[in-house]
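**Student:** One structure, as structure tokens, below. Some questions next.
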Amino acid sequence: MRSDAIKKGPGRASHRSLLYALGLSESEMKKPFIGVVNSFNEIVPGHIHLRTLTDAVKAGIRNAGGVPFEFPAIAVCDGIAMNHAGMKYSLISRDVIADSIEIMMLAHQFDAVVFIPSCDKVIPGMLMAAARLNVPSIFITGGPMLPGKVSHERVGLGNVFEAVGAHAAGKINDAQLTAMEMSACPTCGSCSGMYTANTMACLTEAMGLALPGSGTIPAVYSDRIRLAKMTGEKIMELYESGVTALDIMTPSALRNALRMDMALGGSTNSVLHMLAISREAGYSLTLDEINQISAATPQLCKLNPASDHYISDLNEKGGLRAVMTELKKGNHIELDALTVSGPLQDRLTGSFGADGIIIRRIDNPYSIDGGLAVLKGNLAKNGCVVKKGAVLPEMMQHEGPARVFDSEEEVAEAIFGGKINPGDVIVVRFEGPKGGPGMREMLTPTSALAGMGLDNSVALITDGRFSGASRGASIGHVCPEAADGGLIGYVQEGDRIRIDIPARTIELLVSDEELARRQPAPQPDRNLRGVLNRYQSQVIASSVGARLRRNGKEDES
């Protein structure tokens with residue numbers, strides 16, 4: 001046992017003395033020590049219930065002969081952090097979470113670990129830690145929130161953000177906005193649509209690191225408590241068999257997760273996270289490979305914000321097993337991949353596949369290619385990302401004049417002030433990993449455009465990010481970013497920009513001669529302190545996951 005390093009032999013008497021201070025018995029001292037990482041806190045709706053799940057996990061560990069030790073991880077609620085300085089800290093938290101788990105696990109030499117995350121950066125941060133530690137590992141996520149209801153219409157958090165735009169445009173009144181905000185989030189859990197949190201929960205299950213149902217069973221169902229107990233028991237099986245995280249997080253498993261992402265039409269943030277996670281697992285995933293997977297994988301689901309279907313609907317129709325079964329019919333899944341419960345092929349036994357409505361059949365997809373696309377061109381030489389499955393048909397190709405802003409605050413003021421016109425291409429720069437710093441999500445501008453009815457005529461391009469709740473021609477992760485000398489820093493008001501999502505291209509229609517005469521826009525002085533200053537000096541490009549430099553070197557591989 002790895003934990004023997006802190007409890008076995010005469011030389012560890014002092015260590016045992018400290019462990020006995022916890023109330024451990026002599027019989028427990030002989031059993032495997034299992035880390036249980038709980039991201040519970042009292043500010044994030046996706047985490048408020050995690051004590052219940054954690055208690056169930058610990059009960060399962062004890063049932064199967066292990067000794068659980070709970071320790072915490074931080075979590076940022078992106079919805080609460082949205083559209084102010086707090087969002088600069090969201091992506092940063094991903095690496096802090098990975099680092100803090102590594103510290104706790106290795107300082108105390110746990111034999112295995114159960115991860116209990118919810119929400120956007122916590123799941124990928126824990127996945128990065130799992131790959132880095134490479135001990136027996138399993139996940140049980142907090143589960144999705146149930147959708148709300150307003151006037152017999154089901155709604156999610158994204159609808160509230162869009163309602164703010166509708167209210168600013170005079171389309172709804174104060175009472176209607178209040179009714180929306182009071183009803184959209186009726187339970188605990190990660191927000192009810194296919195936003196980033198639920199996307200990453202589904203991808204964790206798809207890559208085999210969680211038991212079936214972990215990605216889709218609603219947070220408030222007793223099924224999830226039972227699944228948590230089963231998860232605690234399963235970690236002991238993984239420990240006894242010696243199956244570690246990297247035995248599961250193989251290139252095949254990571255590709256399966258991306259195929260699930262394309263079939264579900266997940267959040268663009270998943271691209272950023274999968275690039276970082278894959279590198280922790282020793283697999284140098286690229287944007288080009290992601291585009292190849294997208295081109296070969298049909299989109300079988302359209303969930304909120306792309307439709308009025310929710311994660312709870314997907315769960316009722318068989319969850320990810322049903323989606324994978326349908327992908328299997330088209331030979332889109334690598335069935336020999338190992339999961340925490342055996343080969344993936346065995347996991348799909350007994351699943352009947354698509355219902356034809358919530359999950360489309362393989363011969364009748366929403367699209368023959370995936371819900372995410374990587375665009376390249378002179379404006380994004382190293383790539384940018386769009387959730388094409390949530391773009392209106394009339395915006396799949398678009399050309400218009402640039403409206404240029406150097407911060408999210410500036411563009412939000414312009415949108416709410418009625419200064420954006422149909423046909424415009426909004427450009428928001430200096431919001432990238434380094435320029436922000438922190439690569440803020442911009443749900444407020446995209447939702448305002450949708451709420452005002454401009455999502456059918458206005459595109460938004462940024463070196464920052466978008467929430468999974470965003471829809472429309474919202475193109476993020478432009479790389480190189482403005483702060484790294486990218487062409488987005490040279491765009492001027494009125495320049496023509498052409499977007500062609502089917503062709504996977506994005507072009508600034510300005511001659512090379514004119515560009516050679518231009519100077520880049522000056523980077524705003526952020527007057528950074530603390531973690532933001534440190535992050536800006538260490539972060540690398542979004543095209544490789546916006547992770548931190550290793551060994552003081554910029555690792556672009």
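**Student:** Could you let me know the centre-to-centre spacing of the stretch 22-62 and the stretch 289-306, using Cα atoms, in angstrom?
**Tutor:** Cα centres, the stretch 22-62 to the stretch 289-306: 36 Å.
**Student:** Using only alpha carbon pairs under 8 Å that are at least six residues apart, calculate the relative contact order of the chain and give it in whole percent.
**Tutor:** 14 percent
**Student:** Give me a comma-separated list of calculated 3J(HN,Hα) values for the stretch 161-178, in order, Karplus coefficients 6.51, -1.76, 1.60 applied at θ = phi - 60°, integers in Hz, x for any Gly or Pro.
**Tutor:** 4, 5, 5, 4, x, 5, 5, 5, 8, x, 7, 9, 9, 4, 5, 5, 5, 5
**Student:** Continuing with this model, one more query. Using protein chains only and a probe of 1.4 angstrom, how many square angstrom of residue 239 are accessible, to the nearest 10?
**Tutor:** About 50 Å², rounded to the nearest 10.
**Student:** Okay, next question. Nearest 20 debye, what's the magnitude of the dipole of the stretch 345-408 about its Cα centre given +1 on Lys and Arg Cβ and -1 on Asp and Glu Cβ?
**Tutor:** 140 debye
**Student:** Under a crude label model (7 Å from the Cα following the beta-carbon direction), how far is residue 292 from residue 396 in nanometres?
**Tutor:** Inter-label distance under the simple model: 2.4 nm.
**Student:** Still on this structure: So what is the calculated 222 nm ellipticity per residue for the chain, using -39500 (n - 2.57) for each DSSP H run with n of 4 or more, over all residues, to the nearest 500 deg cm²/dmol?
**Tutor:** -11000 deg cm²/dmol
**Student:** Using the reciprocal of the averaged 1/r over all distinct C-alpha pairs, how large is the Kirkwood radius of the stretch 463-520 in Å?
**Tutor:** About 12.9 Å, per the Kirkwood formula over Cα pairs.
**Student:** On full extension of the chain, what length is gained from residue 336 through residue 421, given 0.36 nm per residue of separation minus the C-alpha to C-alpha distance?
**Tutor:** 25.4 nm
**Student:** Along Cα→Cβ, 7 Å out, is where each label goes; now give me the distance between the ones at residue 171 and residue 308 in nm to one decimal.
**Tutor:** For residue 171 paired with residue 308, the spin-label model returns 1.5 nm.
**Student:** Show the residues, 5+ positions off or on another chain, whose built amide H is closer than 5 Å to the amide H of residue 354.
**Tutor:** Answer set, sorted by chain and number: 326.
**Student:** Length gain on complete extension for the stretch residue 20 to residue 5, per 0.36 nm per residue less the alpha carbon to alpha carbon distance?
**Tutor:** 3.8 nm
**Student:** Let me ask something additional. Beta carbons within 10 angstrom, averaged per residue: use that to sort the peptides 148-160, 350-362, 206-218, highest first.
**Tutor:** Put in order of decreasing packing, that is 206-218, 148-160, 350-362.
**Student:** Moving to a separate point now. How large is the dipole of the stretch 171-259 about the Cα centre if only Lys and Arg carry +1 and Asp and Glu carry -1, each at its Cβ, rounded to the nearest 20 debye?
**Tutor:** 200 debye
**Student:** Please compute the per residue accessible area over the chain with all protein chains in place, 1.4 Å probe, rounded to a whole number of Å².
**Tutor:** Here the per-residue accessible area is 36 Å².
**Student:** Taking each pair of distinct Cα atoms in the stretch 280-357 once, what is the resulting Kirkwood hydrodynamic radius in Å?
**Tutor:** Result for the stretch 280-357 stands at 14.3 Å.
**Student:** Ok, one more. First compute the accessible area of the stretch 161-240 with a 1.4 Å probe, then give the percent of it belonging to carbon and sulfur atoms.
**Tutor:** 55 percent
**Student:** In degrees between 0 and 90, to the nearest 10, how far off the longest principal axis of the chain does helix 319-329 point, with axes built from Cα atoms?
**Tutor:** That works out to roughly 70 degrees.
**Student:** Taking H as built 1.01 Å from N, whose amide H comes closer than 5 Å to the amide H of residue 285, not counting residues under 5 places away?
**Tutor:** For residue 285, whose amide H was placed from the backbone, the distant partners under 5 Å are 279.
**Student:** If the chain between residue 345 and residue 537 were fully stretched, how many nm would it gain, using 0.36 nm times the residue separation less the Cα-Cα distance?
**Tutor:** 64.7 nm
**Student:** Kindly write out, for the stretch 104-111 in residue order, the coupling ³J(HN,Hα) from the Karplus curve 6.51 cos²θ - 1.76 cosθ + 1.60 (θ = phi - 60°), rounded to whole Hz, with x marking Gly and Pro.
**Tutor:** Rounded to whole hertz, the list is 5, 5, 7, 5, 10, 6, 5, 7.
**Student:** Roll a 1.4 Å probe over the protein heavy atoms and report the accessible area of residue 481 in Å², nearest 10.
**Tutor:** Residue 481 exposes around 10 Å² with every protein chain in place.
**Student:** Here is a follow-up. If each Cα of the stretch 178-270 is one equal point scatterer, what is log10 of I(q)/I(0) from the Debye formula at q = 0.13, 0.14, 0.17, 0.18 Å⁻¹?
**Tutor:** Rounded to two decimals, the profile gives -0.54, -0.61, -0.84, -0.91.
**Student:** Taking the Cα centre of the stretch 392-502 as origin and charging only Cβ (+1 Lys, Arg; -1 Asp, Glu), how large is the dipole, in debye to the nearest 20?
**Tutor:** About 140 debye.
**Student:** Additional query: Once Rg/Rh (Cα atoms, Kirkwood Rh) is worked out from the coordinates, which option in (i) 0.98; (ii) 1.15; (iii) 0.95 does it equal?
**Tutor:** Derived directly from the coordinates: (i).
**Student:** Determine the sum of side-chain charges near residue 253: Lys and Arg each +1, Asp and Glu each -1, restricted to other residues whose C-beta is under 14 angstrom from that of residue 253.
**Tutor:** With Lys, Arg at +1 and Asp, Glu at -1, the net is -3.
**Student:** In addition: Report ³J(HN,Hα) in whole Hz for each residue of the stretch 306-313, in order, from the Karplus equation J = 6.51 cos²θ - 1.76 cosθ + 1.60 where θ = phi - 60°; Gly and Pro get x.
**Tutor:** 7, 7, 9, 8, 10, 4, 4, 5
**Student:** If you line up the long axis of helix 287-296 against the longest principal axis of the chain, both from Cα atoms, how many degrees apart are they, to the nearest 10?
**Tutor:** 90 degrees
**Student:** Amide H of residue 458 versus every other amide H placed in the peptide plane: which residues, excluding those fewer than 5 positions away on the same chain, fall under 5 Å?
**Tutor:** 423
**Student:** Within the stretch 247-404, how many Lys pairs that are eight or more residues apart, or on different chains, come under 15 Å at the alpha-carbon?
**Tutor:** Going through the stretch 247-404 pair by pair, I get 5.
**Student:** Right, next: Relative to a virtual label point 7 Å from the Cα of residue 29 in the Cα→beta-carbon direction, which members of the stretch 80-108 show backbone nitrogen distances below 20 Å?
**Tutor:** Label zone hits: 108.
**Student:** Mind checking the angle between helix 269-280 and the chain's longest principal axis? C-alpha axes, 0 to 90 degrees, to the nearest 10.
**Tutor:** Here the helix axis deviates by roughly 50 degrees.
The values are calculated or read from the model by the stated rules, or taken from the named source; none is laboratory data. What you see is a predicted model, and the numbers here were worked out from it, not measured in a lab. When we count neighbours, we look across all protein chains shown, and the Cβ atoms used for this are built from the backbone with ideal geometry, even at glycine. The accessibility values were calculated without ligands, DNA or RNA, using every heavy atom of the protein model including side chains. Shrake-Rupley method; radii C 1.70, N 1.55, O 1.52, S 1.80 Å.
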